[in-house]
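Chemist: Shown below is the structure under consideration.
Throughout, read-outs are computed from the coordinates displayed, never taken from laboratory work. Because the structure is a prediction, the values reported are computed rather than measured. Cβ sites come from the backbone with ideal geometry, for glycine too, and all protein chains shown count toward neighbours.
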Amino acid sequence: MYLFLAMLASTDLVLSPFVAPKMLVVFWLGLREIEFQSCLTQLFFVHTFSSVESGVLMAMALNGYFAICWPLWHSSILSVLVVMALGSLVLMRRVLLVSPGCFFLHRMPFCHHRIISHSYCEHMAAVKLACGDTRLNVIYGLFVAFMVIGCDTILISASYIMILWVILGLPSTEALVRPTSVSSLAFMSLPSSHSPPTGLGTAFLPTSI
């Protein structure tokens, strides 16, 4: 469980350097311009690591399921190597899903105003600035959102429903202590981590789109 919490903390630490510096420059110095390549780089890392958290939460739900429903097999099934492999798979899944979206956006022509009403470069906000046909970008963005947020939410909900079913079937009050503590620790991390990033109303002006 603590390895998964460390992964959640690591994603925030990796995400911050790609968002905070430019946001501070916007607020303190009023420099709202960003090069298009820099915007794509920021977009890639923001979408990758902000959604890695939902994958880690899904792995935490799986960990809780094995810890409560199969306690004797838990340590042998979810060893340290398996946990690290799960974390790597979650990261690779998101990288493979985000990369085509950045490639599609790079090929789009841009015109009219170039103001993004966020404190960072976000995919759909950048797509709205394009002059060409954006249906492929919109469809792929919805597909990625469903694959990441939708599938992870369904699997997380199914895991906690099965955990709750097992907890309610325990015979004694003393037996509820450890399962409840394990599941509550993971559940408490959901509100702070499983939420999409939002803008702060600050506009970026990409200069090279």
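Chemist: So which residues in region 100-123 are exposed (fewer than 13 other Cβ atoms within 10 Å of the Cβ) and closer than 22 Å to residue 55 by Cβ?
Modeler: 103
Chemist: For the structure I just gave you, tell me whether residue 121 is within 30 Å of residue 31 (Cα to Cα), touching a strand residue (DSSP E or B) at 6+ places or on another chain (Cβ under 7 Å), of a type outside the set (Phe, Trp, Tyr) and in contact (Cβ under 8 Å) with a residue 24 or more places away in the chain.
Modeler: Yes; evaluated as a whole, the condition is true for this residue.
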